[in-house]
1. Send over the Kirkwood Rh of the chain, from the inverse of the averaged 1/r over different Cα pairs, rounded to one decimal Å.
2. Under 13 Å Cα-Cα from LYS64, which aspartates and glutamates qualify once same-chain neighbours fewer than 8 residues away are excluded?
3. Rounded to whole Å, give me the distance from the Cα center of region 57-94 to that of region 12-46.
4. Taking only the alpha-carbon positions of region 1-54 and ignoring solvent, what does the Debye formula give for the base-10 log of I(q)/I(0) at q = 0.12, 0.21, 0.31 Å⁻¹?
5. With every protein chain kept in place and ligands, DNA and RNA left out, what is the accessible area per residue of region 44-174? Probe 1.4 Å, answer in Å².
6. Percent of accessible area on region 84-174 owned by carbon and sulfur, 1.4 Å probe?
7. Any idea what angle helix 139-173 forms with the longest principal axis of the chain, computed on alpha-carbon atoms, 0 to 90 degrees, nearest 10?
8. Per residue of the chain, what 222 nm ellipticity follows from adding -39500 (n - 2.57) for every DSSP H run with n ≥ 4, rounded to the nearest 500?
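The values are calculated or read from the model by the stated rules, or taken from the named source; none is laboratory data. Model, not experiment: these values are computed from the prediction. Positions of Cβ are generated from backbone atoms using ideal geometry, with glycine treated the same way; all protein chains shown enter the neighbour counts. The area values use the complete protein model at the heavy-atom level, side chains included, leaving out ligands, DNA and RNA. Shrake-Rupley method; radii C 1.70, N 1.55, O 1.52, S 1.80 Å.
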Amino acid sequence: MSLRHAALGLLTFGPASGYDLLQTFNGSLANVWPATQSQLYGELGKLAEAGLVTVAEEGARRRKEYALTDAGLAELRHWLVDVEPTVVRRSDVLLRVFFLGIVEPEQAEEFLRERERDAIERQAELRVTEKEIASDTVDLAVYGRLALEWGLRFTEMQREWAVWAQQEVAKVRG
């Protein structure tokens, strides 16, 4: 997924300013594709230059409201249906786990406890988002909920794995 397609997707819900998009982004997409304000505003400029969005309205303090163009919708549909998703195979965490044998077992266990705490914390953040999603049938509630459920299940798996891994390292200590 790219920030380009995330922005195009959010604009399918209607015209929005960069600020509005960032708020929606942070409340819904941040668990799958985090972005900063400068990244999002930069991408909106590129989308406008490419004719995929248009500035529908300009307000006070240079506030711009962007709207999806037909070309932008076509690009989003093409990406959704015709472009194979990228599978990320890199993990800084797992690379470190692979080499934990060179540190003391206590240090390895602490590293794994920290991964467990991270998973618990991230899942708590997702639970807050879960409460904010309306139960109606609009696309954001239905499909956003699907993505949120993936995040909840993934963080639970990460927590369970970290607990198991701690037990495995404890066996090394005897």
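1. Averaging 1/r across every pair of different Cα atoms and inverting gives 18.7 Å.
2. Answer for LYS64, where 13 Å is the Cα cut-off: ASP20, listed by chain and number.
3. 9
4. Each listed q corresponds, in turn, to -0.21, -0.68, -1.55.
5. Averaged over the residues of region 44-174, the accessible area is 75 Å².
6. Taking all protein chains in place, region 84-174 shows 57 percent carbon and sulfur surface.
7. 20
8. -21500 deg cm²/dmol
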